[in-house]
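Novice: A single structure is presented below for examination.
The values are calculated or read from the model by the stated rules, or taken from the named source; none is laboratory data. Since the model is a prediction, treat every value here as computed from it, not as a measurement. Glycine also receives a Cβ, built like all others from the backbone with ideal geometry; neighbour counts cover every protein chain displayed.
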Amino acid sequence: MKKGVPKSSKYPIYRYSTIINNRKISRDIIKRPDIAAIIAIEKGQFILEEQNRFPNGNVIEIPSGHLKKGEKPMQCAFREFKEETGYEAKKMIPLLTFYPLIGYTTQKVHCFVATGIRNTGIQKLDKDEFLHVVKINIKDTIKLIQSEQIVDSISVCAILYYIFKKRLQI
């Protein structure tokens, strides 16, 4: 079931205005918190999540989550990686920052590569998170992107950028 919402307290909309080439331009922009996303590889396999993204069903994606108020992107990456996967990382290396929907929101995605990882086996999921960890080798991950089985824009962008940057042979 879907229903129009005149106003959202979770994701407020603001009208931004500016002047470009002597013309006043206005856009309605959704205010959303930034995201930290994590690329992690263990023994040649990406650590991914299969998660229900209602109303779009189950998807496979990299671990990620919203920054809390006052939290830095790297702090969020450490926290979300541990909470969602049960893994801890010794280090988070910045990989890429981008706007996933530049014309509609101010939200940025800060991608990191987790290194020195170890599995604690203890997830701490939010009450609205329904996910489990899956490990998929690099070649099969690429096949899942090519066959549109991995469709999350954050995951596609981060994985392909990581492979390109590392010049991995596939």
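Novice: Out of region 45-63, which residues are part of a strand (DSSP E or B), over 12 Å from the mean Cα position of the chain (by Cα) and charged (D, E, K, R)?
Specialist: Correct list: GLU50 only.
Novice: Of all residues in region 66-96, which are closer than 14 Å to ALA158 by Cβ and either aliphatic (A, V, I, L, M) or surrounded by 14 or more Cβ atoms within 10 Å (Cβ to Cβ) (or both)?
Specialist: PRO73, ALA77, GLU80, PHE81, MET92, ILE93, LEU95, LEU96, listed by residue number.
Novice: A further question follows. Within the set of pairs 6 or more residues apart or between chains, which connect a residue that is closer than 30 Å to ARG15 by Cα inside region 102-127 to a residue that is among the polar types (S, T, N, Q) and buried (at least 17 other Cβ atoms within 10 Å of the Cβ) with Cβ atoms less than 9 Å apart?
Specialist: These pairs meet every condition: VAL109/SER64; CYS111/SER64.
Novice: Being modelled with pLDDT under 95 and either touching a helix residue (DSSP H, G or I) at 6+ places or on another chain (Cβ under 8 Å) or farther than 18 Å from HIS132 by Cα (or both) is true for just one of ILE35, ILE30, ILE62. Which residue is that?
Specialist: Step by step, each of ILE35, ILE30, ILE62 is checked, and only ILE30 is modelled with pLDDT under 95 and either touching a helix residue (DSSP H, G or I) at 6+ places or on another chain (Cβ under 8 Å) or farther than 18 Å from HIS132 by Cα (or both).
Novice: Here's something else I'd like to know. Could you run through region 71-94 and say how many residues are touching a Gly at 6+ places or on another chain (Cβ under 6 Å) and more than 13 Å from THR115 (Cα to Cα)?
Specialist: Residues flagged as touching a Gly at 6+ places or on another chain (Cβ under 6 Å) and more than 13 Å from THR115 (Cα to Cα) within region 71-94 amount to 2.
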